[in-house]
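Before any comments, here is the structure.
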Amino acid sequence: MAYKVIIVDDNHNTVKSLLYGVDWGALNLEVAGTAYDGEQGKRLMEEKKPDIVITDINMPYMDGLSMVETSLDQDLGSKVIVITGYDKFQYASRAIKLSVFDYILKPIDDDELLTALERAVKSIQKDRNVNRQVTGVLKGRLILALMSGRDLPVWSLVSDIQICKGSCAMLVAYANDGFSQPLLQRVEYSEQRITGRTISTLLEEKLVILCTSEEEDISWEIQLKEISAVLCESDRTVRIGTSRVYGLKDSVKDLYLEAYENMLEGYGVTRPGEMAKTDIRYGKAADLQAEAAMLAQDIRGTEDYEKTYAAFERCTGGSIISLQVMSVIYCTKVIQKHKQWAVYLDSAIYSAIQNTSIEMFGKWLKSFLKAVDQARDQGKGKSELVLNVLRYMEIHTLENIKLEQVASEFYVSPNYLSSLISKETGITFQQHMMKNKMAVSKQMLDDTRMRVEEIAYAVGYENYVSFYNAFKRLEGITPSEYRMRKRE
């Protein structure tokens, strides 16, 4: 896709010369619009959101630098190339303060302009590569937070992009045909319009969007409605749930469960061409929470299967969405009551939302209760130190932590910790870390917007080859083959 350029100059001949005198296509550029004064240019910048702005300084109504200055609030990130006459050199210091990318003196030298445009394109490409890497890391952290089911604060996901206070909200959407990839692609458009930082990803065919902002009084209701409106344009039936506005110290899991429950309640079922209430008649969220809490209170293990299955069926009426939500609540309540089992049961929260039939739920419930038995038995054979270390490793999966760092965190020697992990779990520290990374990367491969190279970086590998070899060694197929099989 070509990068967008706008030209702003009150001299019509200059605009015409630039418009037709540059081979824009050869530079992977396209002229998205022209304007003849600063006011027109300001409106054009807001409308077109250009990658590059070529502007004169001295123009009617508003000079070029004032136009650029007023657009800074829009955070467009445009590369601004200023063209100015020899007698306007006093503007240069102001241009530097506004981080103008380059300035060219009139009369315009074609080679000088071409060089400036080539430099601007390279700078844009570099910025976007960095942004893709950061976005990939954020997606990985969001997936890890949801998969682990841990009470991780939102700020821990976005701490390295200097967002440490403010507000956040979450939206969860699900296409009734089970194919939500097109929804993710649609949201790309809305991400450009929403205030703050948005992280969107797929988690087992559910679209999850986390929105964060440093502003505490932002109108999230309006912003989330804008995203919902984009999803409404889809030609499929879509269920949508949103959370309330939270602070960045609140838990990612809390946002997700609230948005998920609201999806269950029917706050935003969109059908092609209309808005309507949900057609689910069973399982109000409050009822599901109460029943799930009661079942979790006295959990024993596989001997509870018949009783638990019957309770789930009665409360949900067999509704798949209700089963998924109640399963997530049930898992969460069990882990809250028995924190020492978390390392064995965390993944069950993630797998609960994969149930797409009553038969799958039955198999999942048996597997979960069996895991409870194993947690009770195996937990006895593991020291509290190892359980805490494994939890710590899972939370910090994407940070490339070393054995020495973890040992220091728990005040033991690396050799002792390495030996203890291998003895009590049967696999090494490094194998645990690789297993955790692969679990996250497999989810990221579902997002076809992300290149495999970007996923490799996001999960902590320095290059594609290392990630490729590790993935194939553990999974038996290449990352691309895994992605293709998932799409079949």
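Summary table
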| item | result |
| --- | --- |
| Hits in the range 1-39 (condition: among the hydroxyl-bearing types (Ser, Thr, Tyr) and not in a strand (DSSP E or B)) | 14, 17, 20, 36 |
| Matching residues, the range 393-406, being closer than 17 Å to residue 428 by Cα and at pLDDT below 85 | 394, 396, 397, 400 |
| Some residue of the range 19-35 being exposed (fewer than 15 other Cβ atoms within 10 Å of the Cβ), more than 27 Å from residue 125 (Cβ to Cβ), at pLDDT below 90 and over 33 Å from the mean Cα position of the chain (by Cα) | no |
| Test result for residue 422, farther than 22 Å from residue 141 by Cα and of a type outside the set (A, V, I, L, M) | yes |
| Residue list for the range 434-488, restricted to those being surrounded by fewer than 17 Cβ atoms within 10 Å (Cβ to Cβ) and among the polar types (S, T, N, Q) | 448, 463, 466, 469, 478, 480 |
| Criterion violated by residue 189 - all others in (1) modelled with pLDDT of 60 or more; (2) part of a helix (DSSP H, G or I) satisfied | (1) |
| Long-range neighbours under 9 Å by Cβ, at least six apart or interchain, first residue farther than 13 Å from residue 460 by Cα within the range 391-406, second among the basic types (Lys, Arg) | 391/150; 394/150; 395/150 |
| Pairs with Cβ under 8 Å, 6+ apart, first in the range 296-308 and at positive phi, second of a type outside the set (Val, Ile, Thr) and in a helix (DSSP H, G or I) | 301/369; 301/370; 301/373; 301/376 |
| Complete set of residues in the range 192-226 that are at pLDDT below 75, of a type outside the set (Asp, Glu) and closer than 19 Å to residue 238 by Cβ | 193, 194, 203, 223, 224, 225 |
| Residue under evaluation residue 411, criteria (1) assigned to a helix (DSSP H, G or I); (2) exposed (fewer than 15 other Cβ atoms within 10 Å of the Cβ); (3) not acidic (Asp, Glu), criterion not met | (1) |
| Strands (runs of 3 or more DSSP E) wholly inside the range 45-152 containing at least 1 residues that are at pLDDT below 80 and farther than 30 Å from residue 335 by Cα | 79-84, 102-105 |
| Contacts under 8 angstrom Cβ, first residue in the range 407-433 being within 23 Å of residue 467 (Cα to Cα) and in the same structural domain as residue 470 (by the TED database), partner surrounded by 14 or more Cβ atoms within 10 Å (Cβ to Cβ) and among the basic types (Lys, Arg), 6 or more apart | 427/435 |
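The values are calculated or read from the model by the stated rules, or taken from the named source; none is laboratory data. Since this is a predicted model, take the numbers as computed values, not measurements. Note that each Cβ is placed from the backbone with ideal geometry, even for glycine, and that neighbours are counted across all protein chains shown.
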